[in-house]
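The structure under discussion appears below in the form of C-alpha cells.
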C-alpha cells in the first residue's frame, strides 16, 4: 500500500483493533509487525483459550499514574461491545470465576475474527517488517515518513501499538518507548507485572518443598508491615508454591503492587477468623494437636511447614495446653504471615509491563499525543495495566477502538 492514511506499528490486540476500526471508517490502513505472524500474544493467552475480556471490567481494575485516564476509552468501547463482536462471529465462550470469559475452543478464533474484520475493512498487514526510523517531513508538513525493511511510507497518522517488555521471546522490545521519547513524551519507569515472585531466604527452601501445592488464600500489600489497617491491594485467589517462590493468580495479582524490598501479607484461611476458630476448637476438641486441626483445612505438607515456622517448640502440645493468648497470637500470624520476596521472575514470564508512556501527555478521548499531532499510542505501551482476568485485553480493545475513530 503506497502512502496509507494510517500506519499501525504492532499487530497485537490493540493494533489490530485500531486498524479494523479505522478501516471501517474508510481509512487506508497499513499494519506493520516485526514478527513472522500477528497476534502471537493472543494465541498464547489463557492457556491457548484467550481470556478475551471480563464481565466486570471498569476503571477500578486498572493501575495508572493518571487514574481517570482509562475511563473515557472503557466507556467508549466496553466489554459488552466486544462480546457482541465475538457472538457475531459465532465464537463459543464460557465464563470462569470472577467474570473471566474464555473461548470454548481456541484463542485462534479471536485472532481469526480480528484478521477477518481487518480484511473486510481492506486493512493491509505486513509481517517481518523492521522500522528503521520515523520522522516528520518538516516543520510545516506534519506528515510522517517511515523508513522500513519493506520500503519508505508517508502517512498522516502513526499508531504505536508495540506493547511492552513482557515475554521478550515473543518479540517484545522497548521500541514504543523509544519513539515516545523521540517525540518528547515522558515514559514512566517500567517493571514486570502479573509475574511470579521469587525468594532467596529460608522461604525459598520452604517453597521448594511445597512446589506444586496450591491453596485459596488472601495476598495483600500494606503501606507498612502492619497487622491492622486497610491494605493498598488485596486479592482472594489461588496461590501456587513453586520451586522458586510463589505463582498462581494471587501472586500474579499482588506483583503489580509489590516493589523491591517490600513485604506482602499472606492469610492462609481468608474465610475464617482464625483466632476464634482455634479457641473454639480448644473448647470442643481439647485433645487435638494443632497440626491435625489445621490439616483439616490446609494441605498436610503446608501444615507441616507452618508448624516448623510458627509453633515448632509446641508441636506436641494438645489444644487444651495452649493459652487463649497464644492461640490469638498464632491466629494473627496465620492471617498476617509477612513474606519478603527477593524479586520477581522478570519480563521473561511477566504477562504485562507496568509503567510506560505517560498518559498525562496523551488525549484520553483520542489516544493522540498532546505533543505530536498524528502520533497515537494504544494498548500496553501506555502506562495503563489491568488486573489479571481479561482486563488487559479489554484495554487493548477499548484503546484501539478509540484511536481507530480518530486516526
Condition check: touching a strand residue (DSSP E or B) at 6+ places or on another chain (Cβ under 9 Å) and buried (at least 23 other Cβ atoms within 10 Å of the Cβ). Does residue 369 satisfy that? no
Of (1) surrounded by fewer than 19 Cβ atoms within 10 Å (Cβ to Cβ); (2) modelled with pLDDT under 95, residue 45 fails just (1)
Filter region 18-33 for residues that are out of contact with any helix residue (DSSP H, G or I) (no Cβ under 8 Å at 6 or more places or on another chain) and buried (at least 19 other Cβ atoms within 10 Å of the Cβ); the one that is nearest to residue 389 (Cα to Cα) is 32
Out of (1) more than 30 Å from residue 270 (Cβ to Cβ); (2) outside any helix (DSSP H, G or I); (3) out of contact with any helix residue (DSSP H, G or I) (no Cβ under 6 Å at 6 or more places or on another chain), the one residue 380 does not meet is (2)
If you go through 286, 299, the only one that is within 15 Å of residue 239 (Cβ to Cβ) and not assigned by TED's automatic domain parsing to the domain that holds residue 167 is 299
For residue 158, the lone unmet condition from (1) closer than 18 Å to residue 351 by Cα; (2) buried (at least 16 other Cβ atoms within 10 Å of the Cβ) is (1)
Among the residues of region 61-100, the number that are within 19 Å of the chain's Cα centre (by Cα), surrounded by fewer than 17 Cβ atoms within 10 Å (Cβ to Cβ) and assigned to a helix (DSSP H, G or I) is 4
Answer yes if at least one residue in region 334-344 is crowded, with 16+ Cβ neighbours inside 10 Å, farther than 30 Å from residue 166 by Cα and touching a helix residue (DSSP H, G or I) at 6+ places or on another chain (Cβ under 7 Å), and no otherwise. yes
Residue hits (region 1-33; in a loop (DSSP other than H, G, I, E, B) and at pLDDT 95 or above) are 4, 5, 10, 11, 12, 25, 26, 27, 28, 33
Condition test on residue 354, is it crowded, with 17+ Cβ neighbours inside 10 Å and without any contact (Cβ under 8 Å) to a residue 40 or more places away in the chain? no
Picking from 148, 130, 105, the residue that is assigned by TED's automatic domain parsing to the domain that holds residue 88, within 26 Å of residue 369 (Cα to Cα) and loosely packed, with under 14 Cβ neighbours inside 10 Å would be 130
All-but-one check, residue 168 against (1) under 30 Å from residue 35 (Cα atoms); (2) in contact with a strand residue (DSSP E or B) (Cβ under 9 Å, 6 or more places away or on another chain), failing number (2)
Checked against (1) surrounded by 21 or more Cβ atoms within 10 Å (Cβ to Cβ); (2) modelled with pLDDT of 95 or more, residue 166 satisfies every condition except (2)
Requested in this report: Return a yes/no flag: does region 244-259 have any residue that is surrounded by fewer than 16 Cβ atoms within 10 Å (Cβ to Cβ), out of contact with any helix residue (DSSP H, G or I) (no Cβ under 8 Å at 6 or more places or on another chain) and under 19 Å from residue 343 (Cβ atoms).
Outcome: yes
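Listed here are the residues, each with its yes/no results for (1) within 25 Å of residue 355 (Cβ to Cβ); (2) within 20 Å of the chain's Cα centre (by Cα).
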{"residue": "153", "(1), (2)": "no, no"}
{"residue": "238", "(1), (2)": "no, yes"}
{"residue": "248", "(1), (2)": "yes, yes"}
{"residue": "251", "(1), (2)": "yes, yes"}
Of 388, 382, the only residue that is under 12 Å from the mean Cα position of the chain (by Cα) and assigned by TED's automatic domain parsing to the domain that holds residue 142 is 388
Residue 329 vs (1) over 30 Å from residue 77 (Cα atoms); (2) not in a helix (DSSP H, G or I): all pass except (2)
Within region 316-330, the residues that are surrounded by 13 or more Cβ atoms within 10 Å (Cβ to Cβ) and touching a helix residue (DSSP H, G or I) at 6+ places or on another chain (Cβ under 7 Å) are 319, 322, 327, 328, 330
If we keep only residues of region 192-227 that are modelled with pLDDT of 95 or more and part of a loop (DSSP other than H, G, I, E, B), then the residue surrounded by the fewest Cβ atoms within 10 Å (Cβ to Cβ) is 212
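The values are calculated or read from the model by the stated rules, or taken from the named source; none is laboratory data. A quick note: this is a predicted structure, and the numbers were derived from the prediction, not measured. Virtual Cβ from ideal backbone geometry, glycine too; neighbours counted across all protein chains shown.
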